[in-house]
Every structure is written in structure tokens, then in C-alpha cells.
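Here is the structure we will look at.
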Amino acid sequence: QVQLVESGGGLVQPGGSLRLSCAASGSIYSPYAMGWYRQAPGKQRELVAVISSGGRTNYADSVKGRFSISRDNAENTVYLQMNSLRTEDTAVYYCNFGQLGYAYWGQGTQVTVSS
């Protein structure tokens, strides 16, 4: 089992920044991928960004150039730096951890972009 603890959500004005963190613990084996998904009210959960064990990244088109995903392998932690936030970025953000064909999810952290 893998446990994920997310932090860093909150309320921010349009154009502002937030940094999300997700720390994994438990039965962790390399290689593993980590990423962030989000779900807005009335919408399906969607990919935001993922990063492989080797550091390869992939982003949703809607966040390219504004969001940056990174990881600290020593701490089994993934970060999502979100800049130039827009109202349409408002959602619950979920951390995802994948290894050995299994996927684990965090509890979600609310990000609200509003003036």
C-alpha cells in the first residue's frame, strides 16, 4: 500500500501562483510515476501533469507554459508549481502515484481561483 498526503491548495486571485506538494509513503519501489489530476464541478477528472521516474514530463495543453511539475526522489515527493492561474483552473487537485500496474490517489486538495 502507498499513502499520499497532499498540501498547498487554497484561494488565490487570477494571475496568482500556488505550489502543491504530494508526499508518498509506504511500499514504494522504483520505478514509479507521479502526477496531478484535477476535477472541476460537473466535469470529469482530467490529467494536469505527470512525471516519470526518469524525469520525463507531460502536461495538459491547457496548463503548458504556466504549470511545472517536479519531483524529489529522495523524499518521494512530487510538486506542482502553478503560475498565472485562471478561474478555469478552479478544481479539486488529486495526486496520483503509479507503480507495478497499480494506481493510488490522494484525498484531493481544493484550488480556487477567484477575485
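For the reader, a short list of remarks on this structure follows.
- Selected from G55, G35, G101 as most flexible by GNM, with the chain as the system and alpha-carbon contacts under 10 Å: G101
- Residue-wise HN-Hα coupling along the stretch 95-104, computed from phi with Karplus coefficients 6.51, -1.76, 1.60 (Hz; x: Gly, Pro): 7, 10, 10, x, 8, 6, x, 10, 10, 10
- The apolar share of the surface of the chain, taken as the fraction of accessible area on carbon and sulfur atoms (1.4 Å probe, ligands and nucleic acids excluded), comes to 46 percent.
- Taking all protein chains as shown and a probe of 1.4 angstrom, V50 keeps an accessible surface of around 40 Å².
- Scattering curve values for the stretch 1-57, log₁₀ I(q)/I(0), Debye with Cα scatterers, q = 0.12, 0.29, 0.30 Å⁻¹: -0.39, -1.28, -1.28
- Measuring max minus min along each principal axis, the C-alpha atoms of the chain give extents of 42, 25, 22 Å (largest first).
- Heavy atoms of the protein chains alone define the surface here; on that basis the chain has 53 Å² accessible area per residue at 1.4 Å probe size.
- Residue among S62, S21, S70 with the largest mean-square fluctuation in a Gaussian network model of the chain, springs linking Cα atoms under 10 Å: S62
- Extending 7 Å from Cα along the Cβ direction at R45 and again at S62 yields two label points whose distance is 1.6 nm.
The values are calculated or read from the model by the stated rules, or taken from the named source; none is laboratory data. Note that the structure is predicted; figures quoted are calculated from it, not measured. FYI the Cβ positions are ideal-geometry reconstructions off the backbone, even for glycines, and counts take in every protein chain you see. Just so you know, the surface numbers come from the protein's heavy atoms only, side chains and all, with ligands and any DNA or RNA stripped out. Shrake-Rupley method; radii C 1.70, N 1.55, O 1.52, S 1.80 Å.
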